[in-house]
Amino acid sequence: MIDSVRLGKRAKNQLVSLKRKTGIPNWNILCRWAFVLSIREPSRPRQVSDPLEGGVEMTWHTFGGEHQDIYEAILKARCLSDGHEITPTELSRQLRQHIYRGIGYLAASGQITSVANLAALAVEQQITDDAAA
């Protein structure tokens, strides 16, 4: 089980910018969006090297909220699919890498300026997934 989610200063700066643009007041909500956006990518996220000092830290419960068991199951399934061990250390590392990749996608797109943009992204992704099926 993961105890906490720790992200470095680069991620914190991107989250601050996303909070300002979207009006979403909590990092954990944005981190959930980032995780889900990354986890659906078939490629593995790259190794993250961002010192944790001056970053963001939240408990696993804060990150996952009432759906923490679902997020944990999704993460474990992805780790197995990617050939990673299911240990607390590896789960934390993979979670962090997925959150970083997702934050990068959200921050780099320049299109995320509101909650409506996030919702539109989710709908667009679902339509794309449905068309591919």
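Simple spin-label estimate for Q97 and S49 gives 1.5 nm between the two label positions (7 Å along the Cα-to-Cβ direction from each Cα). Shape analysis of the stretch 24-84 places it in the oblate category; the axes a ≥ b ≥ c from the Cα gyration tensor give an a/c of at least 1.5, with a/b not above b/c.
All other residues with a Cβ under 11 Å from the Cβ of G8 taken together, and with Lys, Arg as +1 and Asp, Glu as -1, what is their net charge? Display every interim value, and only then the final one.
Values: positive: R6, K9, R10, K12, R96; negative: D50, E53, E57.
Local charge sum for G8: +2.
Hull volume per residue, based on the alpha-carbon atoms of the chain and their convex hull, is 112 Å³. Its Cα centre serving as origin, the chain has a Cβ charge dipole (Lys and Arg +1, Asp and Glu -1) of approximately 560 debye.
Below 15 angstrom from the Cβ of S43, what's the summed charge of the other residues (Lys, Arg +1; Asp, Glu -1)? Local net charge: +3. Nonpolar atom fraction for the chain, defined as the carbon and sulfur part of the 1.4 Å probe accessible area, stands at 55 percent. Charge tally around T89: other residues with Cβ under 12 Å, Lys/Arg +1 each, Asp/Glu -1 each, net -1.
Which whole-number value in Å² is the accessible area per residue of the chain, probe 1.4 Å? Walk me through the intermediate numbers first.
Details: 7370 Å² over 133 residues.
The answer is 55 Å² per residue.
The values are calculated or read from the model by the stated rules, or taken from the named source; none is laboratory data. Remember, it's a predicted structure, so these values are computed and weren't measured experimentally. Heads up, the Cβs are rebuilt from the backbone with ideal geometry, glycines too, and the neighbour counts pull from every protein chain shown. Protein only, heavy atoms only, side chains kept; ligands, DNA and RNA dropped before computing areas. Shrake-Rupley method; radii C 1.70, N 1.55, O 1.52, S 1.80 Å.
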